[in-house]
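Here is the structure we will look at.
The values are calculated or read from the model by the stated rules, or taken from the named source; none is laboratory data. These figures come from a predicted structure and were not determined experimentally. Cβ placement follows ideal geometry from the backbone for every residue including glycine, while neighbour counts extend to all protein chains displayed.
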Amino acid sequence: MGKKSDAPVRSCIGCRSKFPKEELIRFSADENGRVRVDPLYKNPGRGVYLCPEMSCFRQAFKKRGAFNRALRRQVEVPQNPEDLLYETLQAFEKEREGIKKRLKGLREGEGKRLSLSLQRIDKMIERLRLCEE
């Protein structure tokens, strides 16, 4: 029998493929029912996941109500996948700047968890920028 991985696995609502959670972008609904990106997977409530690929963003928009079904409530999404991609990239860049500021105030050897989050966010920003091209 194979070795079981401890990494949580989630499905992309665009391509329906399963990936380790850290490779996907999490979205959740805010208190006003608007879909928001959740770079650090901290927002409360149900989440929906997308691959950081433009094709997956487009597929999620083609499937009418994909966000509503996955979040099990009526939500407001941007007009098109390009707008969602732009909002996503902006949220990741804002989170990166916040982490960098927090890391500056720490002594050497502290902030290992923040450093790992920063690495994951940098990798995700890189992949999202490729989607823009």
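Conditions (1) hydrophobic (A, V, I, L, M, F, W, C); (2) in contact (Cβ under 8 Å) with a residue 40 or more places away in the chain, marked per residue:
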| position | (1), (2) |
| --- | --- |
| GLU82 | no, no |
| GLU87 | no, yes |
| ALA91 | yes, yes |
| LYS101 | no, no |
| SER117 | no, yes |
| MET124 | yes, yes |
| ARG129 | no, yes |
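Restricting attention to the range 78-104, the residues that are of a type in the set (Gly, Ala, Ser) and either in a loop (DSSP other than H, G, I, E, B) or within 27 Å of SER55 (Cβ to Cβ) (or both) add up to 1.
Which residues, counting only those in the range 6-58, are touching a Ser or Thr at 6+ places or on another chain (Cβ under 9 Å), assigned to a strand (DSSP E or B) and of a type in the set (Gly, Ala, Ser)? The answer is SER11, and nothing else.
Looking across the range 10-35, just one residue is at negative phi, in contact with an Asp or Glu (Cβ under 6 Å, 6 or more places away or on another chain) and surrounded by fewer than 16 Cβ atoms within 10 Å (Cβ to Cβ), and that is ARG34. Across the range 110-133, the number of residues qualifying as charged (D, E, K, R), over 23 Å from CYS56 (Cα atoms) and part of a helix (DSSP H, G or I) comes to 2. Looking only at the range 91-119, which residues are among the polar types (S, T, N, Q) and exposed (fewer than 12 other Cβ atoms within 10 Å of the Cβ)? Result: GLN119, single match. Taking SER17, is it in contact with a Lys or Arg (Cβ under 7 Å, 6 or more places away or on another chain) and polar (S, T, N, Q)? Spelling it out, it is not the case that SER17 is in contact with a Lys or Arg (Cβ under 7 Å, 6 or more places away or on another chain) and polar (S, T, N, Q). Answer with yes or no whether ARG64 is over 14 Å from the mean Cα position of the chain (by Cα), at pLDDT below 95 and of a type in the set (Lys, Arg). Here the answer is yes, as ARG64 does meet what is asked. Inspect all residues belonging to the range 42-54 and state whether any of them is crowded, with 19+ Cβ neighbours inside 10 Å and of a type in the set (Ser, Thr, Tyr). Yes, the conditions are met somewhere in the range 42-54.
Looking at ARG107, is it touching a residue at least 40 places away in the same chain (Cβ under 8 Å) and either more than 16 Å from the chain's Cα centre (by Cα) or in a helix (DSSP H, G or I) (or both)? For ARG107, the condition - touching a residue at least 40 places away in the same chain (Cβ under 8 Å) and either more than 16 Å from the chain's Cα centre (by Cα) or in a helix (DSSP H, G or I) (or both) - is not met.
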